[in-house]
Amino acid sequence: MALTERERQILEKIEQNPMISQNDLAQWCGITRSGVAAHISNLRRKGYIQGKGYVLTPPRYVAVIGAINMDVYGIADNDVVGESSNVGSIVSAVGGIARNVSFNLGHLGVRNYLISVYGDDEEGEHVRSDSFANGIDITYCKQLSNASTSRYLSVVDADGRQIVALDDMKISENITPEFLEQREQTIVNAEAVVIDSSLPLQTLSWVCGKVSKPIVARVVSVNKAKRLLPVLGRIDTLVLSEAESRLVSGIAVHDERTAHTCMEALAKAGVKHTLMFVQGSELMYRGDEETVTVALPNAGSHTLRFENGAASGAMSALLWARMEGRDDAESAHLAAAAASLSMRQVTSVFPELDARALLDCAGLSE
């Protein structure tokens, strides 16, 4: 269950000093002792504190840092004609890589905190209602005054292939080291931290300098891929596509052979694991013991397949699989299954995602 801002503040103080008294908490918060007692009761009820003496629940969660977007998708009914209006459908939904990963992890049973910013506009209210509806914990997010929520526009042709995409993510520049310092304990105590290359360079450097647990990074676009270059040596797992590979490794990927070469180059740069989409129908994963190539389930079908959420789905499933102790081969198959499920609808997440659906799609057992 999500925390209120006051509950989060009290929990942070207890994490810093488990022996702190309710009187000291009341003085620090500027509220009454009975008010503190009520908040502590709520923290126990929500599972953040166990029993008496402020015994904290053993931390096992993921911190997800990055963008929340309002996504707009245009889907053409027929072949697209340039410099003209085209008949099609327009769909909007809350998205963004960090939000999508948070959604997916939550549906897979992984407790996580989304750390981001959004505006005080109409789209920002959509973000809040979407988060509550889907159990996304935005306790550590911040709604900024007089700011526009990040937006993403994607236009795809009648076969589901993306023609062009535009993003307006200026608000993400507010995810600064100073912003994260206020949430430092939550970030450094996470089991893993998810980031993406849309974050400012100084923010990426701050995260990689502070976090000792595995960092899972997503290369977002060709325009922002190079932001990860200075911190590659701190990345545990990198998720990217063929188009982005040359910018972070110097190797242009167009088949399995060049994908292997790219992964070797990234390994020399310090990246421990790499997850890459190859030729639109395969996923390759360089794990701890082996490199596995998996065909995306149903990739050869004639059903429309939308790629917007594939990488976030694969990234989420890979992290879940590793937390569950799955080996490299099973982790790769689960990542491919999540990508395939995400591609079934134009919006970026599969709404019925859970562990059972993922295992079934991957052809694996519990």
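The values are calculated or read from the model by the stated rules, or taken from the named source; none is laboratory data. Because the structure is a prediction, the values reported are computed rather than measured. Cβ: placed from backbone, ideal geometry, glycine included. Neighbour counts: every protein chain shown. These accessible areas exclude ligands, DNA and RNA; they are computed on the full protein's heavy atoms, side chains included. Shrake-Rupley method; radii C 1.70, N 1.55, O 1.52, S 1.80 Å.
When N is the residue count of the range 161-211, what does its C-alpha Rg come to as a fraction of 2.2 N^0.38 Å?
Values: Rg = 13.4 Å, N = 51, 2.2 N^0.38 = 9.8 Å.
Working it through for the range 161-211, the quotient is 1.36.
The solvent-accessible area of TRP206, taken with every protein chain present and a 1.4 Å probe, is close to 30 Å².
Averaged across orientations, what area in nm² does the convex hull of the alpha carbons in the range 68-109 project? Don't skip to the end; give the middle numbers.
Working: hull surface 16.1 nm².
Spelled out: convex hull of the Cα atoms, projected over all directions, averaged, 4.0 nm².
Here the range 103-177 is treated as a sphere whose radius is the Kirkwood value from Cα pairs; by Stokes-Einstein at 20 °C and 1.002 mPa s it diffuses with a coefficient of 153 µm²/s. For the range 1-42, the percent of C-alpha pairs falling in each 5 Å distance bin, counted from 0 to the bin holding the largest distance, reads 5, 26, 38, 24, 6, 0.
Overall shape of the range 196-249 was characterised from the C-alpha gyration tensor. The equivalent ellipsoid obtained from it has semi-axes of 18, 12, 8 Å, in decreasing order. Projected label points at GLN279 and LYS170, each 7 Å from Cα along the beta carbon direction, are separated by 4.3 nanometres.
Rolled with a 1.4 Å probe across the full set of protein chains, the surface gives VAL220 an accessible area near 40 Å². Shown here: the range 248-366, whose C-alpha atoms stretch 39, 32, 20 Å along the first, second and third principal axes, sorted largest to smallest. Here, P(r) means the percent of Cα pairs in each 10 Å bin from 0 to the largest distance; for the range 139-225 it is 14, 41, 30, 13, 2. Positive contributions from Lys and Arg (+1) and negative ones from Asp and Glu (-1), summed over other residues with Cβ under 14 Å from the Cβ of HIS260, come out at -3. Ligands, DNA and RNA excluded, the heavy atoms of ASP24 present near 80 Å² of accessible surface to a 1.4 Å solvent probe. Relative intensity of the range 129-287 on a log10 scale, I(q)/I(0) at q = 0.10, 0.18 Å⁻¹, equals -0.42, -1.23, per a Debye sum over C-alpha point scatterers of equal strength in the absence of solvent. Only helices enter this figure: runs of n ≥ 4 DSSP H residues, each worth -39500 (n - 2.57), summed and divided by the residues of the chain, yield -11000 deg cm²/dmol at 222 nm to the nearest 500. Taking 7 Å steps out from each Cα toward its Cβ at THR258 and VAL91 produces label points 3.2 nm apart. Computed over all pairs of different Cα atoms, the Kirkwood value for the hydrodynamic radius of the range 141-185 is 13.1 Å. Every Cα-Cα pair in the range 1-126 was counted, and those over 16 Å apart are 72% of them. Summarising the overall dimensions of the range 213-317 from its C-alpha atoms, the Rg and Dmax are 13.1, 41 angstrom.
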